[in-house]
Amino acid sequence: MSEIEGIDTEVAPSGTGCVECDAAGGWWVHLRRCAQCGHIGCCDDSLSKHASAHADATGHRFIRSFEPGEAWFWDFETNDYYDGPELADPQSHPLEQSVPGPAERLPSNWRTLL
C-alpha cells in the first residue's frame with residue numbers, strides 16, 4: 001500500500017490487455033493501469049476509452065501508463081500528470097505485444113476508425 005490515497009503499490013495489473021476489449025473481442029491503441037486496483041483499460045485515443053470509463057465508474061483517480069518505457073501517472077481529479085511511486089510488477093504489457101493491439105484483432109483500417 002502507498003501513503004498516497006488512491007494508489008496501491010502492492011496490487012498487480014489485471015492482465016496484459018484491456019479487460020473490457022479482451023472480453024468483447026475488441027482492440028486498443030495504448031493501455032493504462034489503474035493505480036488503485038490494477039485494472040488495465042484502453043486509453044482515450046482508443047475507441048472505447050475503458051480506462052477513463054473505469055475511473056468514472058469507480059472514482060479511482062490515478063492511472064499509470066502500461067506501455068513499455070513509460071512510467072507517468074495521470075490524475076483524473078486534477079486533469080494533470082502526477083509523479084507517483086513504483087507499482088507492483090509487471091510495469092507494462094509484454095514487449096512483444098503489438099501497439100496498437102492485439103495484432104490479430106486489429107482491423108486493417110484502424111486509423112480511419114479513430
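The values are calculated or read from the model by the stated rules, or taken from the named source; none is laboratory data. This is a predicted model, so every value here is computed, not measured. A quick note on method: Cβ atoms are made from the backbone with ideal geometry, for glycine too, and the neighbour counts reach across all protein chains shown.
Below are the figures for this structure:
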quantity	calculated
Residue satisfying condition, being outside any strand (DSSP E or B) and under 11 Å from the mean Cα position of the chain (by Cα), within set HIS93, HIS60	HIS93
Test set (1) in contact with a His (Cβ under 9 Å, 6 or more places away or on another chain); (2) farther than 15 Å from THR16 by Cα; (3) outside any helix (DSSP H, G or I) - VAL99 fails condition number	(2)
Residue, surrounded by the most Cβ atoms within 10 Å (Cβ to Cβ), within region 1-51, restricted to residues that are β-branched (Val, Ile, Thr) and in contact with a Pro (Cβ under 9 Å, 6 or more places away or on another chain)	ILE40
Filter result (surrounded by fewer than 17 Cβ atoms within 10 Å (Cβ to Cβ) and either among the basic types (Lys, Arg) or in contact (Cβ under 8 Å) with a residue 40 or more places away in the chain (or both)) within region 64-96	PRO85, GLU86, ALA88, ASP89, PRO90, PRO94
Residue within region 68-83 that is under 24 Å from GLY6 (Cα atoms), modelled with pLDDT under 95, outside any loop (DSSP other than H, G, I, E, B) and not polar (S, T, N, Q) present	yes
